[in-house]
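The values are calculated or read from the model by the stated rules, or taken from the named source; none is laboratory data. Quick caveat, the model's predicted, so the values are computed rather than measured. Here the Cβ is made from the backbone with ideal geometry for all residues, glycine too, and neighbour counts use every protein chain on show.
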Amino acid sequence: MKIEQIYTGCLAQGAYYIESEREVAIIDPLREVTEYINKAKESNSKIKYIFETHFHADFVSGHVTLAKETDADIVYGPTAQTNFDCLIAKDNQEFKVGKLTIQAIHTPGHTLESTCYLLKDENNKEIAIFTGDTLFLGDVGRPDLAQQNMKLTKEELAGKLYDSLRNKIMNLPDDIIIYPAHGAGSACGKNMMNITSDSLANQKKLNYALNKNLSKESFVLAVLDGLEDPPKYFPSNVKMNKEGYEDIDNILKKNQALSPDKIEEIVNATDAIVLDVRSPYEYEKAHIPRSIFIGLDGSFAPWVGELIADVNQKIIFVCKVGREEETITRLSRVGFDNTLGYLKGGINSWLDSGKEIDSVSSINPEETYKIDTYINQIIDVRKKSEYANGHVIKADNICLSTINDNHEKFLSETHKYIHCQGGYRSMIACSILKSRGIHNISNIRGGYNQIKRNKDIIQ
């Protein structure tokens, strides 16, 4: 028996490879499926089932492509409706994978079709449960994603989640291992732990949602407390996961290496945007005017989904030479398939062409220590919860996720100094504002991590 968690940090997502007697089950695969196919080939095994815990909102799953490539059956839980062939499991239905048994346990709440998969060994011992977004480590899945289409309130869905946890999960053996679909950093929950698996016994001690003394009313209040609006791209990803999508190999083939002249031509003739995915420091020094920065070496895909939002947006990107395929792949994970190509030769080809460049004004955090100089000029783009835990005196909090809706606040003649926790999000904010023609801004390098060293300016 083999159980392997394949974790992707950018999305804080866990897919699972389960193998027994040369038969394989994949749970919640990412869109690029080559890794799963190769793993099966290495052990001369066949992928038999692709289990989906629910219709994912934060990424496009690889179920459709993987089924086409392997002839495996796609399995969803009760009530699921798709535009492609799949097996709709009944509650408690069992599936054989070699000597293992995988049992579908319907756990509505996060979504109505949400289903956990209980793994039993050859002796029928319950050893692990793959909980999708129903149960995280330290938290549970948000209950506000299915309410619009299903005419249910988030309170009603939270109540269903409470019942699912108590009737379907908490009565399982304490020693089983919980394998969730997401960890810390995912937008599918609030306060997940920085671990990716744990025993049910330990979660009963640490996870507020599994407190046996918690009433349904208290549970609903706790789950909804502090829950921010879901990212704008979530509905588009759900639609793609229900209806199907184009194979990622085709998306890769469509993209072309573009000269600086060709990029100018496309941008002037269409609504295409230029997305710069290099590091914050590289973008600061030199970038194509009006390009938007979202770096690959950060929470790339979620911020693309949140800030660009429209998965049909035409995109041309700038990256380090050699990272072109990675960029296309990571955009496609969240449904952004309309990439047209990339700057051939990277930013150096733009510089060599003699075309106009732009840069970002930045200051070192030590300069903010002179608080009298910058009072009422500092913008903190972190989350509200981060701001509440400590911030610069009289700094204004405008979360990065709302920057497009609040750009008019930067239209005054007063120069603004922008920071986040470490410098990644603040550079994104600066790039968006500059793309809107707002240039009286500066980035604070190192962010709050550096600023807070001077406790005199922190409250």
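State whether one or more residues within the stretch 136-151 are out of contact with any Lys or Arg (no Cβ under 8 Å at 6 or more places or on another chain), surrounded by fewer than 20 Cβ atoms within 10 Å (Cβ to Cβ), modelled with pLDDT of 95 or more and polar (S, T, N, Q).
No, every residue in the stretch 136-151 fails to be out of contact with any Lys or Arg (no Cβ under 8 Å at 6 or more places or on another chain), surrounded by fewer than 20 Cβ atoms within 10 Å (Cβ to Cβ), modelled with pLDDT of 95 or more and polar (S, T, N, Q).
So for the stretch 203-212 (the condition being at pLDDT 95 or above, closer than 17 Å to S385 by Cβ and over 23 Å from the mean Cα position of the chain (by Cα)), does at least one residue qualify?
Yes, some residue in the stretch 203-212 is at pLDDT 95 or above, closer than 17 Å to S385 by Cβ and over 23 Å from the mean Cα position of the chain (by Cα).
State the number of residues belonging to the stretch 363-398 that are modelled with pLDDT of 80 or more and crowded, with 20+ Cβ neighbours inside 10 Å.
So the count comes out to 9.
Listed residues D310, D337; which is more than 24 Å from Y448 (Cβ to Cβ), at pLDDT below 95 and not basic (K, R)?
D310
Which of the residues spanning the stretch 16-34 are surrounded by 14 or more Cβ atoms within 10 Å (Cβ to Cβ) and not in a loop (DSSP other than H, G, I, E, B)?
Within the stretch 16-34, Y16, Y17, I18, E19, S20, E23, V24, A25, I26, I27, L30 meet the criteria.
With (1) over 19 Å from P231 (Cβ atoms); (2) among the small types (G, A, S); (3) surrounded by 19 or more Cβ atoms within 10 Å (Cβ to Cβ) as the list, and S412 as the residue in question, which single condition is left unmet?
Among (1) over 19 Å from P231 (Cβ atoms); (2) among the small types (G, A, S); (3) surrounded by 19 or more Cβ atoms within 10 Å (Cβ to Cβ), S412 violates only (3).
Can you tell me which residue in the stretch 296-330 is nearest to N268 (Cα to Cα), limited to those that are within 11 Å of the chain's Cα centre (by Cα) and outside any loop (DSSP other than H, G, I, E, B)?
That would be V304.
Please go through the stretch 317-337 and pick out each residue that is farther than 15 Å from L30 by Cα and among the aliphatic types (A, V, I, L, M).
Residues satisfying the conditions are V318, V321.
In contact with a strand residue (DSSP E or B) (Cβ under 8 Å, 6 or more places away or on another chain), surrounded by fewer than 17 Cβ atoms within 10 Å (Cβ to Cβ), modelled with pLDDT of 95 or more and not in a helix (DSSP H, G or I), is that true of R290?
So R290 passes the test.
Residues that are more than 29 Å from P235 (Cβ to Cβ): which strands (runs of 3 or more DSSP E) entirely in the stretch 102-221 hold 2 or more of them?
Counting at least 2 such residues, we get 115-120, 126-132.
Restricting to the stretch 80-96, give me the number of residues that are in contact with a Pro (Cβ under 8 Å, 6 or more places away or on another chain) and part of a loop (DSSP other than H, G, I, E, B).
Adding up the residues that qualify gives 3.
Regarding the stretch 269-281, can at least one residue be identified that is out of contact with any Cys (no Cβ under 9 Å at 6 or more places or on another chain), without any contact (Cβ under 8 Å) to a residue 12 or more places away in the chain and either under 30 Å from I177 (Cα atoms) or surrounded by fewer than 17 Cβ atoms within 10 Å (Cβ to Cβ) (or both)?
Yes, the stretch 269-281 contains at least one residue that is out of contact with any Cys (no Cβ under 9 Å at 6 or more places or on another chain), without any contact (Cβ under 8 Å) to a residue 12 or more places away in the chain and either under 30 Å from I177 (Cα atoms) or surrounded by fewer than 17 Cβ atoms within 10 Å (Cβ to Cβ) (or both).
Quick one: how many residues across the stretch 216-235 are surrounded by 19 or more Cβ atoms within 10 Å (Cβ to Cβ) and at pLDDT 95 or above?
Number satisfying all stated conditions: 3.
With respect to S299, determine if the residue is at pLDDT 95 or above and either in contact with a helix residue (DSSP H, G or I) (Cβ under 8 Å, 6 or more places away or on another chain) or closer than 29 Å to K384 by Cα (or both).
In short, no.
Can you name the residue in the stretch 161-186 that is under 27 Å from E306 (Cα atoms) and surrounded by 22 or more Cβ atoms within 10 Å (Cβ to Cβ) and, of all such residues, is modelled with the lowest pLDDT?
In this case the residue turns out to be S186.
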